[in-house]
Amino acid sequence: MKRLIVVLAALLVVVCAQAAKVDTVLVKSPSMQKDIKTVVVLPDAAAQKACPVIYLLHGHGGNYATWISVKPNLPQIADEKGIIFICPDGENSWYWDSPLHANVRYETFISSELINYVDQHYKTVARREGRAITGLSMGGHGAMWNAIRHSDVFGAAGTTSGGVDIRPFPKNWNMSDQLGEEASNQSVWDAHTVINLVPSMKKGQLALIIDCGYDDFFLEVNKNFHEALLKQGIDHDFLLRPGAHNGDYWNNSIDYQILFFQKYFQKNGTGK
């Protein structure tokens with residue numbers, strides 16, 4: 001019995017030593033003059049070596065804790081794959097620098113201030129080949145918006161159930177708070193939707209993965225985004241599967257995106 005207790009204690013030490021650390025930190029945003037709550041999932045491997053990073057953006061009505069709720073086993077995935085996960089709070093900003101409000105600078109925060117904080121405080125692969133960004137719904141739009149506009153920062157990007165064209169939904173999800181009413185600010189809306197960034201893209205600019213459920217209200221805009229990328233000659237993975245705009249779908253879909261990013265990191269020598 002005594003020997004069994006010793007063995008169990010030893011196993012517990014091993015498990016604890018390999019458990020990813022989950023923290024909520026406050027990241028200063030100089031551009032917005034406030035602290036942003038951010039969940040950091042840090043694999044055990046990050047204590048010894050530089051690890052690649054996946055930035056996960058939440059949807060409208062969510063917050064920094066959304067992804068750890070949608071995917072409770074993120075810590076186990078972080079340890080298994082040697083990947084750091086960063087989940088910032090984006091409020092209902094759509095991850096833009098708002099043309100109306102000088103104190104809403106979430107593009108600057110995501111693509112500059114947060115990156116600098118993470119690279120300074122953790123052992124990261126501090127170059128684009130070691131960074132990916134994705135998100136759900138509003139966060140899918142935000143991930144693509146930031147990645148396409150800042151492909152010098154991010155090497156890979158994804159969107160799951162993403163609102164990749166905002167214009168069919170002018171009355172929804174607080175978008176007019178940041179852009180003004182669509183009817184009287186059409187050019188602003190045109191300039192702030194992801195699908196209209198496609199003509200500026202170049203082949204090989206980003207490794208891209210896009211997915212959406214057949215019962216999702218964003219299905220058509222994702223199909224249109226896929227077609228626009230094809231027309232532009234932009235390589236990407238495009239996945240459609242059964243599912244709706246909900247946590248069950250995202251819990252499943254993010255596994256495929258993480259695998260896609262892991263392969264990207266391995267190809268570029270930044271992941272195990």
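Can you tell me which condition residue 173 does not meet? The list is (1) surrounded by 13 or more Cβ atoms within 10 Å (Cβ to Cβ); (2) assigned to a loop (DSSP other than H, G, I, E, B); (3) free of Cβ contacts under 8 Å to residues at least 60 places away in the same chain; (4) not aliphatic (A, V, I, L, M), and all the others hold. Here residue 173 clears every test but (3). Taken together, the residues in the range 231-249 that are within 25 Å of residue 128 (Cα to Cα) and in contact with a strand residue (DSSP E or B) (Cβ under 9 Å, 6 or more places away or on another chain) amount to 6.
Taking helices (runs of 4 or more DSSP H) as the structural unit, those lying wholly within the range 31-139 and holding at least 3 residues that are touching a residue at least 40 places away in the same chain (Cβ under 8 Å) and over 25 Å from residue 169 (Cβ atoms) correspond to 74-81, 114-121.
Total residues in the range 67-103 satisfying the condition of being surrounded by fewer than 24 Cβ atoms within 10 Å (Cβ to Cβ), among the β-branched types (Val, Ile, Thr) and either in contact with a Leu (Cβ under 8 Å, 6 or more places away or on another chain) or at pLDDT below 95 (or both): the figure is 2.
Identification of helices (runs of 4 or more DSSP H) wholly contained in the range 184-272 with 3 or more residues that are surrounded by 14 or more Cβ atoms within 10 Å (Cβ to Cβ), under 16 Å from the mean Cα position of the chain (by Cα) and of a type outside the set (Gly, Ala, Ser) yields 247-267.
The values are calculated or read from the model by the stated rules, or taken from the named source; none is laboratory data. Nothing here was measured: the structure is a model prediction, and the numbers come from that model. Virtual Cβ from ideal backbone geometry, glycine too; neighbours counted across all protein chains shown.
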